[in-house]
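The values are calculated or read from the model by the stated rules, or taken from the named source; none is laboratory data. Note that the coordinates shown come from a computational prediction; the quantities given were computed from them, not determined experimentally. Cβ placement follows ideal geometry from the backbone for every residue including glycine, while neighbour counts extend to all protein chains displayed.
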Amino acid sequence: MAAAQPVFSSNYTAEEGAKEFTSLLKSEGQGGRWTLIESGKGIERRFRFKGFKKCWGFMGTVAQECIVQKHHPEWSNVYNTTFMRWTTHSPPGLSAKDVLMARFCDEAAATFGEVYEEGSEEEGGLGKDLVDRVGVEAGDCCVPKEKR
Ligand SMILES: C[C@H](O)[C@H](O)[C@H]1CNC2=NC(N)=NC(=O)C2=N1
């Protein structure tokens, strides 16, 4: 079950969040395609394309913007599908960058010919499993590096 309430990063106010972020959510019935994760601290969705080439093209475009924004997704890829989660690790919660990147992804996906089926994202499938695992097993991102 998704959380009832979003949890915003301490550098992002609930008022800003309500305005810019609510329209991203599928649950709002305004054409948004993202789902709030259980903790309320992130949003996730699946993107599907005609084949690997389109999917990887999309991921490359997103990666370039990540470098610009200094903000990374938790994501996985299997063939024509990427499962993506936006959350801010530090300070934890949903931030303006998550909202900005989620919108960027929605728009970029359209230019790569996203194949979207209404109601097909109820279960995240393998992609979600993989993201859940890297989230837990990686964990060295966004942690200030110790000087050696
Ligand atoms: C120093 C650098 O800006 C930080 O480590 C950034 C990088 N990208 C990030 N990405 C995400 N998703 N969360 C963060 O807290 C974060 N922190």
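Output the residue which, of all residues in region 109-137 that are touching a residue at least 24 places away in the same chain (Cβ under 8 Å) and within 13 Å of the chain's Cα centre (by Cα), is nearest to the ligand (Cβ to nearest atom). Going through the qualifying residues, I end up with 135. Filtered by the rule that a residue be away from the ligand (no atom under 11 Å from the Cβ) and more than 13 Å from the chain's Cα centre (by Cα), region 79-99 gives 79, 80, 81.
Take region 43-54 and flag every residue that is of a type in the set (Lys, Arg) and either surrounded by fewer than 18 Cβ atoms within 10 Å (Cβ to Cβ) or over 15 Å from residue 109 (Cα atoms) (or both).
Step one: of region 43-54, the residues of a type in the set (Lys, Arg) are 45-46, 48, 50, 53-54.
Answer for region 43-54, where residues must be of a type in the set (Lys, Arg) and either surrounded by fewer than 18 Cβ atoms within 10 Å (Cβ to Cβ) or over 15 Å from residue 109 (Cα atoms) (or both): 50, 53.
Considering only residues in region 55-78 that are surrounded by 19 or more Cβ atoms within 10 Å (Cβ to Cβ) and outside any loop (DSSP other than H, G, I, E, B), the one that is farthest from the ligand (Cβ to nearest atom) turns out to be 55.
Screening 85, 133 for residues that are of a type in the set (Lys, Arg) and assigned to a strand (DSSP E or B) leaves exactly one candidate, 85. Give the residues of region 12-40 that are aliphatic (A, V, I, L, M) and modelled with pLDDT under 85, sorted by residue number. Across region 12-40, the qualifying residues are 14, 18.
Quick one: is residue 102 within 24 Å of residue 6 (Cβ to Cβ), touching a strand residue (DSSP E or B) at 6+ places or on another chain (Cβ under 8 Å) and more than 16 Å from the ligand (Cβ to nearest atom)?
Working: within 24 Å of residue 6 (Cβ to Cβ): yes; touching a strand residue (DSSP E or B) at 6+ places or on another chain (Cβ under 8 Å): yes; more than 16 Å from the ligand (Cβ to nearest atom): no.
The answer is no for residue 102.
In summary, residue 60 fulfils each of the numbered conditions (1) of a type outside the set (A, V, I, L, M); (2) in contact with a Leu (Cβ under 6 Å, 6 or more places away or on another chain); (3) at pLDDT 95 or above with the single exception of condition (2). Looking across region 20-42, just one residue is exposed (fewer than 12 other Cβ atoms within 10 Å of the Cβ) and closer than 18 Å to residue 88 by Cβ, and that is 38.
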